[in-house]
Amino acid sequence: MSEPAVARRVRLDDTAAVPVPLIVYGPGSADKDNEVLVAVAEATKGENICLANCEDKNYRTIVAAALGNGHLVAAFSPTSLATCFCTSGSATTACR
């Protein structure tokens, strides 16, 4: 079974069991993060989860998936201890 398929199945089980918003991290490789987080975003459309970790190599793909499916995005920069960008609809704001 592919990683996106596993992510979709785990997502369906976890979101039903957890009453608070989830932060979903990818496997840590930009290419695999794109594949897995886009699949999770599509499978959780409208459930307002947070997709992480956006980096300079993959943020466009993950942000597009988040915006298209009603989710948030967390991004971390190597030059900052914790920089987070929250997206909601068409607005993007910095969170600290």
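Laboratory data are not the source of any read-out in this text; all were calculated from the coordinates shown. These numbers were taken from a predicted model, which means no experiment stands behind them. Virtual Cβ from ideal backbone geometry, glycine too; neighbours counted across all protein chains shown.
Remarks
- Across the stretch 36-64, the number of residues qualifying as more than 23 Å from V20 (Cβ to Cβ) and of a type outside the set (A, V, I, L, M, F, W, C) comes to 7.
Quick grid of which residues meet (1) in contact with a Phe, Trp or Tyr (Cβ under 9 Å, 6 or more places away or on another chain); (2) crowded, with 18+ Cβ neighbours inside 10 Å; (3) without any contact (Cβ under 8 Å) to a residue 40 or more places away in the chain:
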position: Y25; (1), (2), (3): no, no, yes
position: G28; (1), (2), (3): no, no, yes
position: D31; (1), (2), (3): no, no, yes
position: L37; (1), (2), (3): yes, yes, yes
position: V40; (1), (2), (3): no, yes, yes
position: K45; (1), (2), (3): no, no, yes
position: A52; (1), (2), (3): yes, yes, yes
position: K57; (1), (2), (3): no, no, yes
position: A64; (1), (2), (3): no, no, yes
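- Residue list for the stretch 22-56, filter: closer than 14 Å to N69 by Cα, over 9 Å from the mean Cα position of the chain (by Cα) and not in a helix (DSSP H, G or I): T44, K45, G46, E47, N48
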